[in-house]
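A.B. asks: A single structure is presented below for examination.
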Amino acid sequence: MSTFQWLCRNRCRRRLRDNVNVSDALKLILIVSLIAGFATATVADERTDPPAKPVAEEQAEQPDDELTPEAQQAADALTAQLPENSEARAMLDSILDGSQLGPGEGWFAKAKSQTRYGWDHVLKTYDGDNDKTVTADEFSGTEDAFARIDRDGDQVLTDADFDWNHHSLERTPGVMLFFQADRDANGKLTQQEFADLFESLDTDARGFVSLDELRDQFQPPDARTQQIQRANRSDRPSRSTLILGLQRQEIGSLNPGPDVGEMAPDFTLQRIDHGDEVTLSQEIGEKPVILIFGNFTCGPFRSQAGNIEKLYEQYRDHAKFFLVYVREAHPADGWNMNSNERVGIEITQPKVQQQRMEVAQTCQQHLDLDLPFLVDTIDDTVGTAYSGMPNRLYLIDHDGRIAFKNGRGPFGFHPRQLEQALLLLLNDQQQSTAALK
């Protein structure tokens, strides 16, 4: 199937029934989903079921699948290559033990986000009365910046606003609604997609959806149910698939990437929209630089496209943005995903630079992203240096040092956390400039 055919097929949308008002349907789904989310949280708090077994324990009960000769050779090579306490070694050991790479397993337990602008920095910089909170009056930045940093909207900054221990794919009612509504998997819900979702939920053609129907549809499963679901997935990868994916750096880079405070590794990559080259060291200076790593076959990355676009639109005048396109996470000839097949994304791992350029162009078109796209070299030089596979975020200050890096993707990929760091960095720069005048 050609790229043109693929794009055309995924742009075809079902027509909404004539008697359904799109605006009313949108409002109904949003309001009832909030109620359903509250009710779900209440029910969850009242559960008396015994705690689910740890993922590793649950998976240890599963019969062990034999490694293929190719995978066994890869496992032996990785065991000899990877240092004992490294992130990559933790992932290798976890896979060999039967892990399906859930949150908290393998390198996800070690590779947490790092930031110069966490809660400790905020307390030290803004807490004038030493009461362990920061009010809008104490904060020296704008009201809009304070509101964005104040995640829970309680008009005061606390450590809770800087707690990002939850993973970005946590199955809340809102997340489940988003994934079901985002039919073309481009990370941006349109009014038509909401209307299509309403049509699919209104199974008896009554013209409305009840609270119980919506609650049942978007009630997150408990931890044990999620374990069972992972174990029974038809696209559940074998240990051999995961071992080979690790060796090829499809599920993530073997390198941990630079830490906060270190100099950002320099690189020169080609832009797909203009054809010219971008050298990072030449972009560093007055404005901070944001690097966004991702690829088309990574569903969690696609789901963040709307967040990425809004971040770019909001701060493009205050920071330089570059999306670095890296190795495919779920190629058709690797750890293939049913979720990709459902939306027509069946891409083999590019073998030459031109193929990667073409896939990157398709990704940019499908996600409709305006920010500059850079394409990593086919030997994954930049993705490896920054640990950018499958997706990652970096903030680089005006001196070329890392000011923020999120945890390993996909679970640690939080654009809102990057936004917090960016706002605080910009405020620090503004205060420093004012002090020099």
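The values are calculated or read from the model by the stated rules, or taken from the named source; none is laboratory data. Nothing here was measured: the structure is a model prediction, and the numbers come from that model. Note that each Cβ is placed from the backbone with ideal geometry, even for glycine, and that neighbours are counted across all protein chains shown. We work out accessible area using only protein heavy atoms, side chains counted, and drop any ligands, DNA or RNA first. Shrake-Rupley method; radii C 1.70, N 1.55, O 1.52, S 1.80 Å.
A.B. asks: Starting from the stretch 254-266, keep only residues that are under 22 Å from A74 (Cβ atoms), then list their pairs with residues that are modelled with pLDDT under 95 and open to solvent by 50 Å² or more (accessible area, probe 1.4 Å) whose Cβ atoms are within a distance under 9 Å, requiring at least 6 positions of separation or different chains.
C.D. replies: P256/K110
A.B. asks: For the condition under 30 Å from N85 (Cα atoms), touching a strand residue (DSSP E or B) at 6+ places or on another chain (Cβ under 6 Å) and among the hydrophobic types (A, V, I, L, M, F, W, C), what is the one hit in I292, I272?
C.D. replies: Details: I272 fails: under 30 Å from N85 (Cα atoms).
From the options I292, I272, the qualifying one is I292.
Yes or no, residue by residue, for (1) among the polar types (S, T, N, Q); (2) open to solvent by 20 Å² or more (accessible area, probe 1.4 Å); (3) under 20 Å from the mean Cα position of the chain (by Cα):
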position	(1), (2), (3)
A223	no, yes, no
R230	no, yes, yes
L246	no, no, yes
G252	no, no, yes
G275	no, yes, no
F293	no, no, yes
C298	no, no, yes
I308	no, no, yes
E313	no, yes, yes
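A.B. asks: So, one more: Does T384 count as modelled with pLDDT of 95 or more, over 17 Å from L269 (Cβ atoms) and hydroxyl-bearing (S, T, Y)?
C.D. replies: Working: modelled with pLDDT of 95 or more: yes; over 17 Å from L269 (Cβ atoms): no; hydroxyl-bearing (S, T, Y): yes.
No, not satisfied.
A.B. asks: Being open to solvent by 60 Å² or more (accessible area, probe 1.4 Å) and within 18 Å of L422 (Cα to Cα) is the filter here, so list the residues in the stretch 141-162 that pass it.
C.D. replies: Hits for the stretch 141-162 are T142, E143, D144, R148, R151, D159.
A.B. asks: Exactly one of these conditions fails for Q229: (1) more than 21 Å from A305 (Cβ to Cβ); (2) not in a helix (DSSP H, G or I). Give me its number.
C.D. replies: Exception for Q229: condition (2).
A.B. asks: Keeping to the stretch 232-265, report how many residues are in a loop (DSSP other than H, G, I, E, B), hydrophobic (A, V, I, L, M, F, W, C) and more than 24 Å from L371 (Cα to Cα).
C.D. replies: Pass one, the stretch 232-265, residues in a loop (DSSP other than H, G, I, E, B): 233-238, 248-262, 264-265.
Next, only the ones that are hydrophobic (A, V, I, L, M, F, W, C) stay: 251, 254, 260, 264.
Still in the list and also more than 24 Å from L371 (Cα to Cα): 251, 254, 260.
Selection size over the stretch 232-265: 3.
A.B. asks: Further, regarding this structure: Could you tell me how many of the residues in the stretch 179-189 are open to solvent by less than 50 Å² (accessible area, probe 1.4 Å) and closer than 21 Å to P103 by Cα?
C.D. replies: Residues flagged as open to solvent by less than 50 Å² (accessible area, probe 1.4 Å) and closer than 21 Å to P103 by Cα within the stretch 179-189 amount to 0.
A.B. asks: How many residues are of a type in the set (D, E), out of contact with any helix residue (DSSP H, G or I) (no Cβ under 8 Å at 6 or more places or on another chain) and at negative phi when one looks only at the stretch 374-426? Spell out how you get there, then give the answer.
C.D. replies: The first filter runs over the stretch 374-426 and keeps only residues of a type in the set (D, E), leaving 376, 379-380, 397, 399, 419.
Right, trim to out of contact with any helix residue (DSSP H, G or I) (no Cβ under 8 Å at 6 or more places or on another chain) and you get 379-380, 399.
Right, trim to at negative phi and you get 379, 399.
Summing the residues that are of a type in the set (D, E), out of contact with any helix residue (DSSP H, G or I) (no Cβ under 8 Å at 6 or more places or on another chain) and at negative phi in the stretch 374-426 gives 2.
Residues are listed down the side, and each one gets a yes or a no for (1) surrounded by fewer than 21 Cβ atoms within 10 Å (Cβ to Cβ); (2) under 24 Å from G334 (Cα atoms):
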{"position": "I243", "(1), (2)": "no, yes"}
{"position": "Q249", "(1), (2)": "no, yes"}
{"position": "P258", "(1), (2)": "yes, no"}
{"position": "E283", "(1), (2)": "yes, no"}
{"position": "I290", "(1), (2)": "no, no"}
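A.B. asks: Okay, next question. For the stretch 78-125, which residues satisfy the criterion of being open to solvent by less than 50 Å² (accessible area, probe 1.4 Å), assigned to a helix (DSSP H, G or I) and in contact (Cβ under 8 Å) with a residue 60 or more places away in the chain?
C.D. replies: Once the filter is applied, which keeps residues that are open to solvent by less than 50 Å² (accessible area, probe 1.4 Å), assigned to a helix (DSSP H, G or I) and in contact (Cβ under 8 Å) with a residue 60 or more places away in the chain, the stretch 78-125 yields L78, E87, A88, M91, L92, I95, W107, F108, H121, V122.
A.B. asks: Quick check, is L374 open to solvent by less than 10 Å² (accessible area, probe 1.4 Å), more than 30 Å from H121 (Cα to Cα) and at pLDDT 95 or above? Quick ask: steps written out before the conclusion?
C.D. replies: Working: open to solvent by less than 10 Å² (accessible area, probe 1.4 Å): yes; more than 30 Å from H121 (Cα to Cα): yes; at pLDDT 95 or above: yes.
In short, yes.
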